[in-house]
1. Is one or more of the residues making up the stretch 119-138 touching a Pro at 6+ places or on another chain (Cβ under 6 Å) and either farther than 20 Å from T233 by Cβ or assigned to a loop (DSSP other than H, G, I, E, B) (or both)?
2. Counting just the residues of the stretch 167-187 that are among the hydroxyl-bearing types (S, T, Y) and closer than 23 Å to G210 by Cα, which one comes out farthest from the chain's Cα centre (by Cα)?
Amino acid sequence: MGVGVGVVGRVRVAAATVGWLTVAACGGNGPEAGDRAAPARAPGPARTAPAATPTSAPLPAPPPAAAPSVVTAPPTAPSAAPPAARAGAPAAAPEVIEIAYRVERRVDDEATAGFEAFVEQTLSDARGWVRAGFSLVRSEAGPYLIVLAEGPEVDRLCLPHDTYGTYSCQRRETVALNADRWRTGTPQWTGDLATYRRMLVNHEVGHLLGQPHPRPQCPRPGRPAPLMAQQSTELDGCLPNPWPLDHEVAAAARHDRPLAPL
């Protein structure tokens, strides 16, 4: 029994010592020590004075940082969604990718006159790849080239792709457009010549931006063809179309494909 009392006595002393150390640890730092001591004697105001909720209230503020994820979300209205998402998040502004290009007309005939201005107007049109967050700017020092040339030269520029002296292509940093196609279009094209030229520019520049041909070429007969369909050779029941469709804009706006592919 004597041993038991001694143990209990030590336990009580130890407990008192721990309690003293705890109080010393809480009250030994800065001006807040006096503020914390007062509530112990006045429980009523002490519980309301610390006001824990105001300190945690600002925590809900961070969720708006998730807003930039909306950039790729709305496939139904991609023409407006990517710019709006960027406008709401300053850090997202660099998502607009500038493509500086130069234009060359390597033919000299009346049918191809005005080629340079036509290309520039097409690529800056609000219905085009601008919708996907690309700023296409004509510049004599641009690293990308859009060239109009005769069939044999286009064939050479497009190697190893085969253009058969007839068609156009994108190869690395070069978009090579066949001058005969510019002059006359193709028999398979059912629209007018000016619309064909616009489709040709936007289609090949679409490849420059990393966009592939769709499968199938005409997913909805009777509706406008996807811009990236091979409309020069087949429409398959679709209507001729010179501009990227909403789903093509949404795909390009992700900016997840390399520029100037092989």
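FYI, it's all coordinate maths here, none of it is from the lab. Fair warning: this is a prediction, and the values are worked out from it, not measured in the lab. For neighbour counting, all protein chains shown are included, and Cβ atoms are generated from backbone atoms with ideal geometry for every residue, glycine included.
1. As a first pass, look at the stretch 119-138 and keep what is touching a Pro at 6+ places or on another chain (Cβ under 6 Å): 133.
With either farther than 20 Å from T233 by Cβ or assigned to a loop (DSSP other than H, G, I, E, B) (or both) added as a condition, the list becomes 133.
Taking every residue of the stretch 119-138 in turn, at least one turns out to be touching a Pro at 6+ places or on another chain (Cβ under 6 Å) and either farther than 20 Å from T233 by Cβ or assigned to a loop (DSSP other than H, G, I, E, B) (or both).
2. Quick first cut of the stretch 167-187, residues among the hydroxyl-bearing types (S, T, Y) only: 167-168, 174, 184, 186.
Going one step further and asking which of them are closer than 23 Å to G210 by Cα, we end up with 167-168, 174.
Details: Y167: 31, S168: 28, T174: 23 Å.
Among them, the one singled out is Y167.
Okay, residues lined up against (1) under 21 Å from V96 (Cβ atoms); (2) in contact with a Ser or Thr (Cβ under 8 Å, 6 or more places away or on another chain); (3) crowded, with 18+ Cβ neighbours inside 10 Å:
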{"site": "W189", "(1), (2), (3)": "no, yes, yes"}
{"site": "L193", "(1), (2), (3)": "no, yes, no"}
{"site": "N202", "(1), (2), (3)": "yes, yes, yes"}
{"site": "P212", "(1), (2), (3)": "no, no, no"}
{"site": "R220", "(1), (2), (3)": "no, no, no"}
{"site": "R223", "(1), (2), (3)": "no, no, no"}
{"site": "Q230", "(1), (2), (3)": "no, no, no"}
{"site": "P242", "(1), (2), (3)": "no, yes, yes"}
